1. Counting only heavy atoms of protein chains, what accessible area per residue, in Å², does the chain have with a probe of 1.4 Å?
2. Please report the spacing between the Cα centers of the range 136-159 and the range 195-215 in Å, no decimals.
3. What residues qualify as long-range amide H neighbours of G84, i.e. H under 5 Å apart, gap of 5 or more or another chain, H built at 1.01 Å from N?
4. Please list, in chain and number order, the residues 5+ apart from A189 or on another chain whose amide H is under 5 Å from its amide H, with Hs placed from the backbone.
5. Please report, as a whole percent, how much of the solvent-accessible surface of the chain comes from carbon and sulfur atoms (probe radius 1.4 Å).
6. Taking 7 Å along the Cα-to-C-beta vector as the label spot, tell me the T170-L97 distance in nanometres, rounded to one decimal.
7. To the nearest 20 Debye, how big is the dipole of the chain about its Cα centre, given +1 on the beta carbon of each Lys and Arg and -1 on that of each Asp and Glu?
8. Once phi is turned into ³J(HN,Hα) by the Karplus curve 6.51 cos²θ - 1.76 cosθ + 1.60 with θ = phi - 60°, what whole-Hz value does each residue of the range 158-174 show in order, with x for glycine and proline?
Amino acid sequence: MKPRVSESGIVRDDVAAGCDEVDGLRLEWSVACNVGSVREANEDAALVAPGLFLLADGMGGHDCGEIASAVALRVLSGIPVGGGQDETRESVEALFLAAQEEIVEIDVASDRHAGTTATGAVLVTHDGTPHWLVFNIGDSRTYCVRDGAFEQVTVDHSQVQEFVDAGVLTPEQARVDPRRNVITRALGAGIVPPRADFFSFGTEPGDQLLLCSDGLTGELPDAEIEVILTESQTAQDAADALVEGALALGAHDNVTVVVVRVGGASTAEDPAVSDTAEDPAVSDTAEEVGHDDA
Ligand code: MN
């Protein structure tokens, strides 16, 4: 594999790896974006800048999903790194609106809407210490591994997640349910306005973050993802093994992962993951959107 980042910074159908020093933290990262074994187009993409990690899974068919995910990443790459938590959240929300305005202008050849999911993690400063501000819209996820404990940070905006919340499905049943591609929030895709959830927690040396598209979680159970993350020696080993695992199980969708490992000193005091979203509940007005371009 030849680690590289394309000129736009957007990684698609490719791998990339690197290491950045941000706010005294050493961030080792690796990206792998694979079309999978079934789809002809790769509508997933990812983008890494020092202290900023982004992933998007487009939808809409006829190139629209590729354009939508690229627009989202390009616009969201303007998220400031190292700023205050609240101000950064406001910036992310403004950039989500700006991205949506571009995405709704994408010409679609069918009656479908162009759209994309997005998840990301950005280093911010909170209580004088570096924190991760994690956000998501749709069913692309961010996970965290800390002290060997594996936790899903984001909560999917999807129909099957609503069934899980209602106690109708277990998470493992939801993972393989035929309705799993119906998402309830997105950027574009006929759903307005874009409503992201936000989560914040202090950084700790040894932490790992995983950002991934549903093409990973639709193939690999959480338990297998956890084993790969905790047993891999490097971020690149983990990213490669995750994609290989999805390919081994058929890779029915595009598969994209971003793995980040934190080194260096940290003085974070509160490792608990807390949902800072004002309204994490799914909107009553949210439309259901097919997320399957097959
Ligand atoms: Mn997908």
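The values are calculated or read from the model by the stated rules, or taken from the named source; none is laboratory data. Predicted model, so just to flag it, every value in this text is computed and none were measured. Counting neighbours? That spans all protein chains shown, and the Cβs are built from the backbone with ideal geometry, glycine included. What goes into the accessible areas is simple: the full protein's heavy atoms, side chains included, and nothing from ligands, DNA or RNA. Shrake-Rupley method; radii C 1.70, N 1.55, O 1.52, S 1.80 Å.
1. Numbers: 11980 Å² over 294 residues.
Per-residue accessible area for the chain comes out at 41 Å².
2. Centre-to-centre distance over Cα atoms comes out at 7 Å.
3. T125
4. Result for A189 returns A114, G115, T116.
5. Values: 5850 of 11980 Å².
Here carbon and sulfur together make up 49 percent of the probe-accessible area.
6. That separation, rounded to one decimal, is 4.4 nm.
7. Details: 16 positive and 54 negative charges, 101 e Å.
Computed about the Cα centre, the dipole is about 480 debye.
8. With the stated coefficients, the range 158-174 comes to 8, 4, 5, 5, 5, 5, 5, 4, 7, x, 7, 10, 7, x, 6, 5, 4 Hz.
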